[in-house]
Amino acid sequence: MKNKSILIRNANVLDYLPTDMDAQPAPRVELTDLRISGDKIVARGQNLEAIEGEEIRDINGRTIMPGLINGHHHLYSTLAPGMPAPKNTPRSFQDVLTEIWWKLDRCLDHEAVYKSAVAGAWDAMRCGTTMIFDHHSSLTCVSNSLDEIERGISEAGIRGCLCYEITDRGGLGSRDTTLDENRRYFTKEKNSNFRAIIGAHAGFTLEDRTLARLQEMTEELDCGIHIHLAEGTTDRDICIERGWDDPVSRLDKYGLLRRDTILAHCVDITDAEMALLDERGCWLVHNGRSNMNNSVGRAPVNKFPARSCFGTDGLDGNMWGELRSTFYRGNEAGEGELGLRKASEMWIGAYQMAREFFGEPFGSLDVGAPADFLICNEDQKTPLHSDNWLGMLLFAFHPWDILEVWCGGNKTYRRGDKSPFDGKLCREAAQRIWDGMEKL
């Protein structure tokens with residue numbers, strides 16, 4: 001249920017962008033009042049006059065900032081932690097896929113997809129996330145699976161941009177089902193909290209004929225794709241082994257490197273390829289902790305174009321953790337690959353990407369902006385101001401500092417709230433998935 005008008009007094013507000021959709025980043029911190037009505041911020045300023053009948057809250061200088069955005073996630077992996085080790089120890093990234101993830105996604109049914117989505121979205125939301133760009137796969141349960149993802153995210157109270165990863169690894173019939181699911185969800189009527197993009201797994205699991213079908217679909221629907229690109233050397237190695245062009249050239253040949261295309265990882269990218277991605281205006285999403293976990297190498301984030309941001313690749317929903325881990329990793333060898341300037345650019349980049357897909361001024365907490373924000377608790381130890389906001393994200397703020405999360409003018413979470421799912425049923429679903437994986 002939508003909240004009535006609420007006036008939040010004495011908020012220490014951090015936001016990153018003006019409400020003008022084409023505005024350049026202008027991070028600022030200001031002690032001010034905010035009025036929320038419906039799903040928007042309708043007034044901002046010091047000492048706002050109360051309106052008769054509205055709720056008034058004085059938060060006594062607590063920090064408010066825009067809800068966090070995950071640029072690349074796999075909610076279907078939510079029930080994976082703790083699963084048995086694979087029978088055959090992976091020796092390469094391709095082995096990781098075949099021995100773990102491609103077994104898991106073949107054991108998902110509609111119930112497990114839904115439970116993964118609601119539990120994963122709830123975890124992300126408790127870490128301050130209010131929007132997820134999700135990249136889904138459940139190879140033996142494709143049709144209507146995106147509705148289950150949407151249902152789970154909705155019950156967690158946040159937003160999502162969804163797709164199904166098209167692939168040829170299940171054969172032509174299976175591929176056609178994945179194409180159909182993308183088209184069905186893209187064209188169905190959705191509420192304002194959801195958008196769609198066409199999904200694809202990675203170039204090395206896509207035949208030329210499938211890339212041609214993707215080209216036809218993106219041109220017809222006027223949209224880009226969300227795809228893994230160069231997640232380690234596997235993508236390039238298999239493409240070359242099969243006599244194809246390199247992964248970047250193949251996507252470009254079929255017109256898939258568009259401004260509304262999202263490219264996850266981009267680890268094994270040459271300088272010339274990076275220049276082409278910059279020229280085409282694609283969005284690049286860095287998933288540093290997942291790259292480390294899968295041993296695929298270190299992405300050249302210092303060379304990523306301005307249109308870039310962070311994602312978690314299904315590892316978890318902690319975007320502050322993703323930011324700081326990438327920053328620390330870059331400093332580990334004294335290389336400083338992700339300096340403060342680039343970290344700031346990529347953090348704000350998520351809000352700019354969200355603006356393009358949703359058509360709303362995310363990243364702002366000014367009049368007309370969506371009322372998507374988090375409120376920190378009173379235990380903040382050091383002062384936040386306009387000059388140190390990034391340092392505070394890197395070294396000060398943690399999920400346990402979050403008191404409340406709001407999305408679209410609704411308070412979706414307050415610390416201590418009961419989850420919208422039954423943990424026992426989730427554990428049973430996880431065990432069922434793991435037992436199925438053991439048989440493959």
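What angle do you read, to the nearest 10 degrees and between 0 and 90, between the alpha-carbon axis of helix 271-280 and the longest principal axis of the chain?
With both axes taken from Cα atoms, the answer is about 60 degrees.
Can you pull the Kirkwood radius for the stretch 136-250, inverse mean 1/r over Cα pairs, to one decimal in Å?
14.8 Å
Given bins 5 angstrom wide, list per bin the percent of all Cα-Cα distances in the stretch 205-276, short to long.
3, 16, 29, 27, 17, 7, 1
For the stretch 93-189, report the translational diffusion coefficient in µm²/s to the nearest whole number, using Stokes-Einstein at 37 °C, 0.692 mPa s, and a Kirkwood Rh over Cα pairs.
Calculated translational D: 237 µm²/s.
Quick one: plug the Kirkwood hydrodynamic radius of the stretch 221-318 (C-alpha pairs) into Stokes-Einstein at 25 °C, 0.890 mPa s, and report D in µm²/s.
Numbers: Rh = 13.6 Å.
Roughly 180 µm²/s, to the nearest whole number.
Using Cα centres only, tell me the gap between the stretch 1-64 and the stretch 114-165 in whole Å.
Comparing the Cα centres of the stretch 1-64 and the stretch 114-165, I get a distance of 28 Å.
In Å, what is the Rg of the alpha-carbon atoms in the chain, and how long is Dmax?
Gyration radius and largest Cα-Cα distance of the chain: 21.4, 71 Å.
Express the relative contact order of the chain as a whole percentage, based on alpha carbon pairs under 8 Å and six or more residues apart in sequence. If you can, show how the numbers build up before the last one.
Working: 934 pairs, mean separation 95.1, N = 440.
Normalised by residue count, the contact order of the chain is 22 percent.
Between the alpha-carbon centers of the stretch 267-291 and the stretch 301-330, tell me the distance in whole angstrom.
When both Cα centres are located, 13 Å separates them.
Most fluctuating residue of CYS141, CYS163, CYS266 in a GNM of the chain with Cα springs under 10 Å: which is it?
CYS141
Cα-Cα over 26 Å: which of LYS115/LYS188; LYS342/LYS418; LYS418/LYS439; LYS190/LYS411; LYS4/LYS418; LYS253/LYS303?
Flagged as over cut-off: LYS342/LYS418; LYS418/LYS439.
Each value in this text was obtained by applying a stated rule to the coordinates, not by laboratory testing. Since we're looking at a predicted model, the values are computed, not measured.
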